[in-house]
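The structure under discussion appears below in the form of structure tokens.
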Amino acid sequence: MRRVKFGIVGCGAVSEAHINAVLHSPNSELVAVSDVREEAAKAKADQYNVEAYTDVEEMFDKSGVEAIVVGTPSGTHGEIALKAAEYGIHAIVEKPIDINLEIIDRMIETFRRKNLKLAGVFQRRTYPVYGIVREGLRRGEFGRILLADLYMKFYRKPSYYEKGVWKGTWNMDGGGALMNQGIHGVDLILWLIGEVEEVYGIYSHQARRIEADDTSLAVLKFRSGAMGVIEASTIVNPDRGIKIEIHGEKGTVEIDRDIIVGWYLTHDPEERAIDVQPPISREECESIKRIKYYGHKVLIDDFARAIIEDREPLIPGEEARRAVELIRAIYKSCDERKPIKLPLKH
Ligand SMILES: NC(=O)c1ccc[n+]([C@@H]2O[C@H](COP(=O)([O-])OP(=O)(O)OC[C@H]3O[C@@H](n4cnc5c(N)ncnc54)[C@H](O)[C@@H]3O)[C@@H](O)[C@H]2O)c1
């Protein structure tokens, strides 16, 4: 079987997920790693018996990699991916695919023009629970959707920001709680409910010494007419994870930390919706969460097959752009203190 030769760009915290996913994929082979910090690249290279590079262009030129996984600070994603494209190399890029919409548009256009694959990473999309909820919504199980709320209450210690100097900065992280941690939930709500027409947001940094937000709130109007709220914070102790509550004319679905905790239905709006057995059990949801790097494994194997079969990856660049666009609109609304309409060009 043909295996796509992968190189890892960025040997920091998330790189273990990338390396494990490549090694786990029957369609992939790990050939090289690179990091601007020599010790970081060398440590991973020694551990996995591959070549180490500190100059990413040298890796593109000499190692024979056909595809890269980009796991560097978010503000460097576009530059690295565009450089890869010059060498005819495919790229799967961590969230956010980049922090700047104009750069993302350039990435999408360049990879399409060169017939190269470009994909984003939102590993939660691969958890069966979200696919099942999406199907339920598409089938109209809950009727017309009226409200869709997303709560993301995370905890990042003060030392998280002190050690990771690029985290919570505008020019390298593209924001704080909403852009870095919250983007996973933002992607899910867009995937489940559809496009947003207008947003109004406020943010603050109440408890962490960072440039960007440690807490962001937004009010949304979806194109479908539904309304909703987003809360994203990294100062809630203990961490409460991601909760999604969706309410339609015929019922409600509630997801708490990737598990369906409420599936309520009625056919008669005069009657109270009743709690019924959800189509996926708590045990099934938990068993997926126990598989280490599950989502990264699915996405990287799919990306390799997309290259081999010359088809679209699960999350093409255009899809990965959507969450960044909504987050940029929320930040713009915060800065300008007024509602912002989408689509947004930059
Ligand atoms: N999908 C997820 O759940 C998830 C989880 C964590 C991080 N991430 C994303 O992964 C990215 C990296 O996050 P992290 O926590 O691993 O950061 P990190 O700071 O731990 O690691 C980043 C690494 O990139 C290296 N680097 C910096 N500039 C580089 C360049 N130009 N070329 C090569 N290497 C370079 C740094 O030396 C460092 O080793 C971010 O975009 C983040 O949003 C995603």
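The values are calculated or read from the model by the stated rules, or taken from the named source; none is laboratory data. Only a predicted model underlies this, so the values are computations on that prediction, with no experimental measurement involved. Glycine also receives a Cβ, built like all others from the backbone with ideal geometry; neighbour counts cover every protein chain displayed. Remember, those area values only see protein heavy atoms, side chains included, never the ligands or the DNA or RNA. Shrake-Rupley method; radii C 1.70, N 1.55, O 1.52, S 1.80 Å.
Worth pointing out:
- Amide H contacts under 5 Å for Lys114, placed H, 5+ residues apart: none
- A Cβ-based charge dipole, computed about the Cα centre of the stretch 131-257 with Lys and Arg at +1 and Asp and Glu at -1, lands at about 260 debye.
- The convex hull around the C-alpha trace of the chain, projected and averaged over every direction, spans 17.8 square nanometres.
- Among Ser287, Ser233, Ser333: highest mean-square fluctuation, GNM of the chain, C-alpha pairs under 10 Å: Ser287
- Members of Lys153/Lys221; Lys95/Lys221; Lys114/Lys221; Lys153/Lys292 lying beyond 29 Å, as alpha-carbon distances in this model show: Lys114/Lys221
- Sites listed here are trypsin sites (Lys or Arg not before Pro) in the stretch 274-313 whose DSSP assignment is loop and whose Cβ has at most 14 other Cβ atoms within 10 Å: Lys292, Arg311.
- Per-residue HN-Hα couplings for the stretch 41-52 [Karplus 6.51, -1.76, 1.60; θ = phi - 60°; Hz; x = Gly/Pro]: 5, 5, 4, 5, 4, 5, 4, 10, 6, 10, 7, 10
- Each Lys and Arg adds +1 at its Cβ and each Asp and Glu adds -1 at its Cβ; summed about the Cα centre, the chain shows a dipole of about 100 debye.
- Pair-distance distribution of the stretch 157-309: all C-alpha pairs, bin width 10 Å, starting at 0; shares per bin in whole percent are 9, 28, 33, 24, 6, 0.
- If you model the stretch 56-111 as an ellipsoid using its alpha carbon gyration tensor, with each semi-axis the square root of five times an eigenvalue, the axes come out at 19, 12, 8 Å, biggest first.
- Nearest-10 value in Å² for the accessible area of Met172, using the 1.4 Å probe: 60
- Accessible surface of the chain, 1.4 Å probe: 49 percent of it comes from carbon and sulfur atoms.
- Restriction of the GluC sites (Glu not before Pro) in the stretch 191-266 to DSSP coil positions whose beta-carbon has at most 16 other beta-carbons within 10 angstrom yields Glu195, Glu211, Glu249.
- Radius of gyration, Dmax [the stretch 47-191; alpha carbons; angstrom]: 18.1, 56
- Solvent-accessible surface (1.4 angstrom probe) belonging to Ile242, in square angstrom, nearest 10: 10
- Relative contact order for the chain, counting Cα pairs under 8 Å that sit 6 or more residues apart, in percent: 20
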